[in-house]
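Asker: Got a structure for you, written out below as structure tokens; questions coming shortly.
The values are calculated or read from the model by the stated rules, or taken from the named source; none is laboratory data. Keep in mind that this is a model prediction, so the values were computed, not measured. Ideal geometry is used to build each Cβ from the backbone, glycine not excepted, and the neighbour counts take in all protein chains shown. Calculation scope for accessible area: heavy atoms of the full protein, side chains included, ligands and nucleic acids excluded. Shrake-Rupley method; radii C 1.70, N 1.55, O 1.52, S 1.80 Å.
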Amino acid sequence: MAKKGGDDAAAQNAAQARADEQARQANIRNGTARINALFDGTPVPALTTSSGTPPDLSHAMGGTDSTSATPDPLAGNTFKGFTDDFFKGVGNAYTQYATPQLEDQLADARKQLTYSLDRQHLLNSSARSDLEGTLNKQAGTAQQQIADTALSTENQARNSVAQARSDLINELNTTGDNQQSVSDALSRATALSQPQQFSPLGQLFSNFTSALGTQANAERAQYYSGGTVKAPFNTGLFAPSGSVKVS
């Protein structure tokens with residue numbers, strides 16, 4: 001009889017182990033579906049208990065036996081998911097942040113160029129066209145850099161979200177804790193959806209404006225020295241009109 005009793009106990013233990021594993025896998029499937037739906041912005045499946053059935057929340061509504069209630073971590077969630085529009089919005093946010101800085105710096109560089117030309121009465125010269133062409137080329141390069149950074153920022157956001165989703169599902173598979181993993185997923189999604197902080201642009205036209213000053217000094221030195229000091233090249237912009245040169 002003892003042997004039969006032992007066999008029955010072993011069979012019961014094995015049956016319980018199978019039931020526990022089935023319940024664990026059901027939790028993992030439900031949690032995975034809920035995490036994916038949260039991140040994708042699709043309808044989130046109902047939370048199920050370890051038995052694979054929806055929880056009885058009636059006790060949580062003022063009843064005396066609240067321990068049997070299973071709170072849903074996503075109850076009241078309004079997050080719309082990491083959609084393509086979300087990621088495009090990240091890239092657009094960078095563009096909107098950086099473009100005004102580019103425009104301000106470009107306007108300042110143009111003022112400096114105009115001032116240099118006006119001092120020599122060369123606002124209608126061919127030199128002006130050449131220098132403005134150089135400045136516009138640098139502005140185009142800067143605009144492309146902003147576009148590239150916006151795309152890189154968008155892709156980085158996509159990678160961060162993908163990594164977070166993978167980490168959360170790995171956590172769920174390890175612990176089998178549907179509620180905790182889904183709660184963690186909501187926290188991660190909330191953090192990842194916050195507006196990013198961007199770094200200000202550097203000085204985009206410093207080479208151009210500093211080159212104006214360097215060339216001005218070289219041409220003035222050439223002018224005042226009577227050609228003893230040679231400028232790398234002559235633009236005709238910076239020889240001071242009305243000045244007395246050394247002869």
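Asker: Do you know which residues across the range 199-213 are more than 14 Å from the chain's Cα centre (by Cα), at pLDDT 90 or above and open to solvent by 50 Å² or more (accessible area, probe 1.4 Å)?
Answerer: Answer for the range 199-213, where residues must be more than 14 Å from the chain's Cα centre (by Cα), at pLDDT 90 or above and open to solvent by 50 Å² or more (accessible area, probe 1.4 Å): just PRO200.
Asker: Count, please, the residues in the range 134-152 that happen to be open to solvent by 100 Å² or more (accessible area, probe 1.4 Å) and either of a type outside the set (S, T, N, Q) or closer than 26 Å to PHE39 by Cα (or both).
Answerer: 1
Asker: Search the range 143-171 for residues that are on the phi > 0 side of the Ramachandran plot and modelled with pLDDT under 95 and pair each with any residue that is loosely packed, with under 14 Cβ neighbours inside 10 Å and acidic (Asp, Glu) when their beta-carbon atoms are under 6 Å apart and the residues are at least 6 apart or on different chains.
Answerer: Correct list of pairs: empty, since none qualify.
Asker: Let me spell it out: the conditions are (1) among the basic types (Lys, Arg); (2) outside any helix (DSSP H, G or I); (3) surrounded by 15 or more Cβ atoms within 10 Å (Cβ to Cβ), and LYS80 meets all of them except one. Which number is the exception?
Answerer: Against the list (1) among the basic types (Lys, Arg); (2) outside any helix (DSSP H, G or I); (3) surrounded by 15 or more Cβ atoms within 10 Å (Cβ to Cβ), LYS80 comes up short only on (3).
Asker: Still on this model: Step by step: first the residues of the range 85-115, then only those that are open to solvent by 20 Å² or more (accessible area, probe 1.4 Å) and among the small types (Gly, Ala, Ser), then the one that is nearest to SER206 (Cα to Cα). Which residue is that?
Answerer: ALA107
Asker: Looking at ASN159, ASN155, which is the one that is assigned to a helix (DSSP H, G or I), open to solvent by 80 Å² or more (accessible area, probe 1.4 Å) and within 14 Å of GLY91 (Cβ to Cβ)?
Answerer: ASN159
Asker: Go through the range 178-198 and give me each residue that's under 18 Å from the mean Cα position of the chain (by Cα) and open to solvent by less than 50 Å² (accessible area, probe 1.4 Å).
Answerer: ALA189, SER193, PHE198
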